[in-house]
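Each remark here refers to the structure printed beneath this line.
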Amino acid sequence: MEQIQGENRGLLQERYGLILERIREMGAEPLGYPAMDAYFGKIAAFSLKLAEYYNYVEQGHLKDGELAQLQIWNRELYEDVLPAYYHHSWGNPAYAAEQLGEQWGQLLSHVYVELRDGILSAAEGDLEEMLIRMELLVEIYGAVSGTWQEQRQLPPYEDVRQIVYWYNSDYSDIRAEKRVGRMVCPEGNPAVQVLMEADLEDIRYLYRYGLYVTENEIETARFLAGLPQATIDTMADTYTEGYRIGFAVSGKDLSIKKTVDLHYHIGFERMMRRAVENFAEMGLAPVVRAVGLEGAKPNRQYTYDHKNDHGLIWDRALMQRKLEVLKTAYEHHKQEAREYAGPAVVEIFGETPFAPESRPQAVKLSPEQQKLWVEYSARSMELYTQYIPMAERSFTIIAFPTPEIGDNFREIFEDTIRVNTLDYNKYRQIQQRLIDALDQADHVEIKGMKGNATDLSVNLWKLQMPEKETIFENCVADVNIPVGEVFTSPVLEGTNGVLQVSRVFLNGLEYRDLSVTFKDGMIEDYGCGNFPDPEEGRRYVRENVLFHRDTLPLGEFAIGTNTTAYVMARKWGIEDKLPILIAEKTGPHFAVGDTCYSQAEDVAVYNPDGKEIVARENEKSRLRHTDSSQAYFNCHTDITLPFDELGELTAVKKDGVRIPIIAQGRFVLPGSEELNQPLEQA
């Protein structure tokens with residue numbers, strides 16, 4: 001992992017020894033400023049604890065240590081930000097601001113987060129990454145202590161902020177190189193080593209990643225260890241076959257690819273190991289990125305509080321620096337990047353729903369920073385697609401519950417396997433009937449019921465050669481598992497109205513009474529009922545759905561057909577816990593942002609009946625030929641309208657003839673009635 005530029009390990013160790021000595025002195029030298037002494041004392045103690053942990057790792061004890069000791073390490077490293085302790089943690093910007101004032105509190109809380117992010121580096125033996133974080137701390141302490149001792153006052157805030165700024169800028173090249181290298185190069189990947197070498201019968205392996213481990217991860221691993229091999233094979237084979245089919249149905253050449261990017265939650269290693277064997281038969285070696293590996297979340301409020309910390313330093317110069325080093329890293333790995341096949345994702349669900357608290361002390365992006373962040377997201381994606389063309393890569397995604405979902409975990413797990421392996425052919429045939437009706441339509445009208453205020457008209461692509469072309473994709477179980485939707489890229493002009501959902505979870509966040517108004521396919525207004533102040537609700541939606549943009553297009557209109565999944569959710573009362581992957585199949589859904597064909601609109605795609613899906617772009621993505629910065633938004637958020645809030649979904653022909661598809665939450669199009677059976681049997 002250590003890619004040290006211009007230094008050998010000996011010099012790195014020498015720097016490390018000096019910095020630890022300074023941190024020990026720092027913890028023993030009170031300034032006489034109680035709040036700062038408390039802060040630096042705490043962060044110095046944590047840094048030394050991290051150094052002890054690193055030494056433990058270097059001695060090989062993550063592999064052979066006693067379970068009790070591994071659990072002590074895990075608890076001690078993470079407990080300061082757990083909910084029970086968070087109210088007085090320096091990781092809490094509200095507490096830090098109370099002690100130090102808002103500016104200093106935000107900045108030094110962020111520095112504490114930087115130090116804490118070194119836990120994973122320590123577990124992986126990445127001394128360089130640990131070291132540069134500790135050097136940041138010592139440099140800040142030097143600035144504060146020097147001024148305080150000489151003048152009995154703090155240094156100018158801007159001086160210390162600049163230290164953080166240049167820390168981020170100066171090490172951007174090293175981090176970009178590691179980030180890209182880990183994504184496309186399978187050699188020496190620490191997570192893959194754990195996955196393929198560990199004794200999965202011994203739960204101590206879970207602690208080798210350095211991630212937070214709870215009973216949820218332990219019970220998941222034990223549960224999978226107890227499953228019959230045939231069940232494990234079914235889970236893994238469904239996942240990897242979906243990946244293979246994704247290449248096949250889109251006409252992409254899998255044989256030229258060499259790496260597959262695994263995303264999974266720890267505890268699922270038994271399934272993932274079988275999947276690696278399957279991928280090897282396709283000629284693919286696994287990589288596991290830090291962003292693709294998940295453990296338990298110590299505190300989702302902590303993560304939410306710090307999601308905009310880059311606002312402390314974000315400006316155009318830093319953006320340009322990060323883009324330059326990212327391009328250099330891609331260029332260095334351009335051959336491996338072309339051989340990268342794309343992500344294969346295993347999601348989990350069952351966590352307690354999270355409704356974040358909005359803290360005024362948390363960092364917020366200025367309007368100018370919001371624009372810069374949108375620009376950075378777009379330009380970094382352009383670099384990604386330059387070196388990893390979307391027309392040549394694919395993906396797949398599947399989801400399973402974890403024990404946190406409750407007492408019925410085993411039954412829910414079995415039901416999820418059944419949902420994930422539903423009859424491909426049956427759904428393909430029924431969904432084709434839906435498509436045949438929708439292909440005749442000029443637009444589709446969707447209306448809510450039982451208090452749902454949805455009243456939306458979605459304009460559709462107009463077919464020129466209906467005998468050879470189609471508007472909707474017949475989505476069965478390939479890249480998006482489970483089976484069960486037909487979808488299209490709507491025409492923006494003429495798409496108008498209101499979409500309203502009483503309760504929905506998007507990207508792990510809860511929205512109550514979410515309302516989005518469209519005018520000519522673009523978001524015109526929005527809000528939610530999460531907060532007493534409507535403006536706070538608007539800010540919440542703007543930040544987490546629009547991602548700081550003024551508007552987004554309606555990128556996808558789809559009809560989910562997986563009523564079995566819908567009934568499973570109602571049966572076990574887990575509607576609020578389903579991932580988008582499954583939830584989107586449980587009713588009509590509407591994605592704001594890019595289309596499903598983003599960055600690959602020019603690749604011909606065909607349904608099983610041989611017709612080409614021609615609705616692959618909209619008026620925004622068409623701008624890719626002239627101004628790609630206006631064509632793509634690098635987000636795609638599905639909002640599902642559940643069947644029990646759906647009064648009507650009707651295809652309307654140009655001459656006004658109406659073809660009912662769904663009425664009062666039931667499929668009414670001839671040939672689709674079988675989809676109602678799970679609903680009636682529930």
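Give the residue that is nearest to A663 (Cα to Cα), with candidates limited to residues of region 424-450 that are without any contact (Cβ under 8 Å) to a residue 60 or more places away in the chain and out of contact with any strand residue (DSSP E or B) (no Cβ under 7 Å at 6 or more places or on another chain). Please lay out each step first, then the result.
Restricting attention to region 424-450, the residues satisfying the condition of being without any contact (Cβ under 8 Å) to a residue 60 or more places away in the chain are 424-425, 429, 436, 439.
Imposing the further condition that a residue be out of contact with any strand residue (DSSP E or B) (no Cβ under 7 Å at 6 or more places or on another chain) reduces the set to 424-425, 429, 436.
Details: Y424: 25, N425: 25, Q429: 21, D436: 18 Å.
Only one residue tops the list, namely D436.
Write out, first by first residue and then by second, each pair whose Cβ atoms fall under 7 Å of each other, whose residues are 6+ apart or on separate chains, and whose first residue, in region 178-205, is more than 13 Å from G292 (Cβ to Cβ) while the second is among the hydroxyl-bearing types (S, T, Y) and assigned to a helix (DSSP H, G or I).
Between residues of region 178-205 that are more than 13 Å from G292 (Cβ to Cβ) and residues that are among the hydroxyl-bearing types (S, T, Y) and assigned to a helix (DSSP H, G or I), the close pairs are V180/Y330; V194/Y205; V194/Y209; A198/Y205; D199/Y205.
Among what's in region 296-332 and is of a type in the set (D, E) and open to solvent by less than 20 Å² (accessible area, probe 1.4 Å), pick the residue that is nearest to G267 (Cα to Cα).
D305
Filter region 443-479 for residues that are over 19 Å from H589 (Cα atoms) and open to solvent by 30 Å² or more (accessible area, probe 1.4 Å) and give the result.
Listed by number, the residues that qualify are K462, L463, Q464, M465, P466, E467, K468.
Identify all residues within region 446-467 that are more than 15 Å from I639 (Cα to Cα) and of a type in the set (G, A, S); write none if there are none.
G451, S457
Please state which of the following conditions Y95 fails to meet, knowing it meets all the rest: (1) closer than 24 Å to A362 by Cα; (2) open to solvent by less than 30 Å² (accessible area, probe 1.4 Å).
(2)
Need a quick list: strands (runs of 3 or more DSSP E) entirely within region 429-545 having at least 2 residues that are under 25 Å from the mean Cα position of the chain (by Cα) and closer than 27 Å to Q630 by Cα.
Numbers: elements: 443-448, 455-459, 473-475, 485-488, 491-506, 509-519, 522-527.
Per the criteria, 485-488, 491-506, 509-519, 522-527.
Within region 581-597, does at least one residue satisfy the condition of being buried (at least 18 other Cβ atoms within 10 Å of the Cβ) and basic (K, R)?
Scanning region 581-597 turns up at least one residue that is buried (at least 18 other Cβ atoms within 10 Å of the Cβ) and basic (K, R).
Can you find even one residue in region 622-635 that is in contact (Cβ under 8 Å) with a residue 12 or more places away in the chain, open to solvent by 60 Å² or more (accessible area, probe 1.4 Å), touching an Asp or Glu at 6+ places or on another chain (Cβ under 7 Å) and not small (G, A, S)?
no
How many of the residues in region 384-420 are within 25 Å of E217 (Cβ to Cβ) and outside any helix (DSSP H, G or I)?
Looking only at region 384-420, we keep the residues that are within 25 Å of E217 (Cβ to Cβ), and these are 395-420.
Add one more test, that the residue is outside any helix (DSSP H, G or I), and what stays is 395-402, 406-408.
Qualifying residue count, region 384-420: 11.
Considering every residue within region 251-272, establish whether at least one is farther than 24 Å from V57 by Cα, surrounded by 17 or more Cβ atoms within 10 Å (Cβ to Cβ) and at pLDDT below 95.
Scanning region 251-272, I find at least one residue that is farther than 24 Å from V57 by Cα, surrounded by 17 or more Cβ atoms within 10 Å (Cβ to Cβ) and at pLDDT below 95, so the answer is yes.
Looking at region 413-423, which of its residues are open to solvent by 70 Å² or more (accessible area, probe 1.4 Å) and either over 15 Å from T231 (Cβ atoms) or of a type in the set (G, A, S) (or both)?
Let us first name the residues in region 413-423 that are open to solvent by 70 Å² or more (accessible area, probe 1.4 Å), namely 414, 418, 423.
D423, the sole residue that qualifies.
Within the bounds of region 342-362, is there any residue that is crowded, with 18+ Cβ neighbours inside 10 Å, of a type in the set (S, T, N, Q) and within 23 Å of L506 (Cβ to Cβ)?
Within region 342-362, none of the residues are crowded, with 18+ Cβ neighbours inside 10 Å, of a type in the set (S, T, N, Q) and within 23 Å of L506 (Cβ to Cβ).
Residue-by-condition table, conditions (1) touching a helix residue (DSSP H, G or I) at 6+ places or on another chain (Cβ under 6 Å); (2) within 29 Å of L422 (Cα to Cα):
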{"site": "L154", "(1), (2)": "no, no"}
{"site": "Y165", "(1), (2)": "no, no"}
{"site": "M183", "(1), (2)": "no, no"}
{"site": "G188", "(1), (2)": "no, no"}
{"site": "Q193", "(1), (2)": "no, no"}
{"site": "A198", "(1), (2)": "yes, no"}
{"site": "D202", "(1), (2)": "no, no"}
{"site": "T214", "(1), (2)": "no, no"}
{"site": "G242", "(1), (2)": "no, yes"}
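Between D117, D126, which is of a type in the set (D, E, K, R), open to solvent by 30 Å² or more (accessible area, probe 1.4 Å) and under 25 Å from the mean Cα position of the chain (by Cα)?
Going through D117, D126 in turn, the sole match is D117.
Quick one: is V657 open to solvent by 30 Å² or more (accessible area, probe 1.4 Å), touching a Pro at 6+ places or on another chain (Cβ under 7 Å) and more than 30 Å from Y387 (Cα to Cα)?
No: the conditions fail for V657.
Does any residue of region 159-171 turn out to be among the charged types (D, E, K, R), touching a residue at least 40 places away in the same chain (Cβ under 8 Å) and open to solvent by 10 Å² or more (accessible area, probe 1.4 Å)? Spell out how you get there, then give the answer.
Of region 159-171, the ones among the charged types (D, E, K, R) are 159, 161, 170.
So of that shortlist, the ones also touching a residue at least 40 places away in the same chain (Cβ under 8 Å) come out as 161.
With the extra rule that they be open to solvent by 10 Å² or more (accessible area, probe 1.4 Å), the set shrinks to 161.
Among the residues of region 159-171, at least one is among the charged types (D, E, K, R), touching a residue at least 40 places away in the same chain (Cβ under 8 Å) and open to solvent by 10 Å² or more (accessible area, probe 1.4 Å), which makes the answer yes.
Given the conditions (1) open to solvent by 10 Å² or more (accessible area, probe 1.4 Å); (2) of a type in the set (A, V, I, L, M); (3) closer than 25 Å to N562 by Cβ, which single one is not true for L434?
(1)
Residues in region 297-310: is at least one without any contact (Cβ under 8 Å) to a residue 24 or more places away in the chain, more than 16 Å from the chain's Cα centre (by Cα) and in a helix (DSSP H, G or I)?
No: region 297-310 contains no residue that is without any contact (Cβ under 8 Å) to a residue 24 or more places away in the chain, more than 16 Å from the chain's Cα centre (by Cα) and in a helix (DSSP H, G or I).
Would you call Y56 open to solvent by 10 Å² or more (accessible area, probe 1.4 Å), more than 30 Å from E357 (Cβ to Cβ) and of a type in the set (S, T, Y)? Give the derivation first.
Details: open to solvent by 10 Å² or more (accessible area, probe 1.4 Å): yes; more than 30 Å from E357 (Cβ to Cβ): yes; of a type in the set (S, T, Y): yes.
Here the answer is yes, as Y56 does meet what is asked.
Being at pLDDT 95 or above, over 30 Å from K334 (Cβ atoms) and either under 25 Å from the mean Cα position of the chain (by Cα) or crowded, with 21+ Cβ neighbours inside 10 Å (or both) is true for just one of Y205, Y209. Which residue is that? Even if it seems obvious, please write down each step before you answer.
Numbers: Y209 fails: over 30 Å from K334 (Cβ atoms).
Step by step, each of Y205, Y209 is checked, and only Y205 is at pLDDT 95 or above, over 30 Å from K334 (Cβ atoms) and either under 25 Å from the mean Cα position of the chain (by Cα) or crowded, with 21+ Cβ neighbours inside 10 Å (or both).
Out of the residues in region 279-295 that are surrounded by 20 or more Cβ atoms within 10 Å (Cβ to Cβ) and aliphatic (A, V, I, L, M), which is nearest to Y207 (Cα to Cα)?
Among those that are surrounded by 20 or more Cβ atoms within 10 Å (Cβ to Cβ) and aliphatic (A, V, I, L, M), it is L293.
When you scan region 201-208, do you find a residue that is acidic (D, E), out of contact with any Ser or Thr (no Cβ under 6 Å at 6 or more places or on another chain) and closer than 30 Å to A341 by Cβ, even just one?
Looking only at region 201-208, we keep the residues that are acidic (D, E), and these are 201-202.
So of that shortlist, the ones also out of contact with any Ser or Thr (no Cβ under 6 Å at 6 or more places or on another chain) come out as 201-202.
Pick out the ones that are also closer than 30 Å to A341 by Cβ and you get none.
No, there is no match, as no residue in region 201-208 is acidic (D, E), out of contact with any Ser or Thr (no Cβ under 6 Å at 6 or more places or on another chain) and closer than 30 Å to A341 by Cβ.
Please state which of the following conditions E375 fails to meet, knowing it meets all the rest: (1) outside any loop (DSSP other than H, G, I, E, B); (2) out of contact with any helix residue (DSSP H, G or I) (no Cβ under 8 Å at 6 or more places or on another chain); (3) surrounded by fewer than 17 Cβ atoms within 10 Å (Cβ to Cβ); (4) not basic (K, R).
(2)
Can you tell me which residue in region 130-141 is nearest to the chain's Cα centre (by Cα), limited to those that are open to solvent by 10 Å² or more (accessible area, probe 1.4 Å) and of a type outside the set (A, V, I, L, M, F, W, C)? It would help to see each step written out before you state the result.
Within region 130-141, the first condition is being open to solvent by 10 Å² or more (accessible area, probe 1.4 Å), and the residues that meet it are 133, 135, 138-139.
This time we only want the ones that are of a type outside the set (A, V, I, L, M, F, W, C), so: 133, 135, 139.
Values: R133: 25, E135: 30, E139: 33 Å.
Per the stated criteria, the residue is R133.
Please pick out the residue among V498, V458, V504 that is within 29 Å of N530 (Cα to Cα), aliphatic (A, V, I, L, M) and free of Cβ contacts under 8 Å to residues at least 60 places away in the same chain. Steps first, answer last, please.
Values: V458 fails: free of Cβ contacts under 8 Å to residues at least 60 places away in the same chain; V504 fails: free of Cβ contacts under 8 Å to residues at least 60 places away in the same chain.
Matching residue, one of V498, V458, V504: V498.
Could you list all residues from region 224-250 that are over 19 Å from S394 (Cβ atoms), open to solvent by 40 Å² or more (accessible area, probe 1.4 Å) and not hydroxyl-bearing (S, T, Y)?
G226, P228, Q229, A230
The values are calculated or read from the model by the stated rules, or taken from the named source; none is laboratory data. Fair warning: this is a prediction, and the values are worked out from it, not measured in the lab. Don't worry about glycine lacking a Cβ; one is built from the backbone with ideal geometry, like all the others, and counts go over all protein chains shown. Quick note on the areas: whole protein, heavy atoms, side chains included, nothing else; ligands and nucleic acids left out. Shrake-Rupley method; radii C 1.70, N 1.55, O 1.52, S 1.80 Å.
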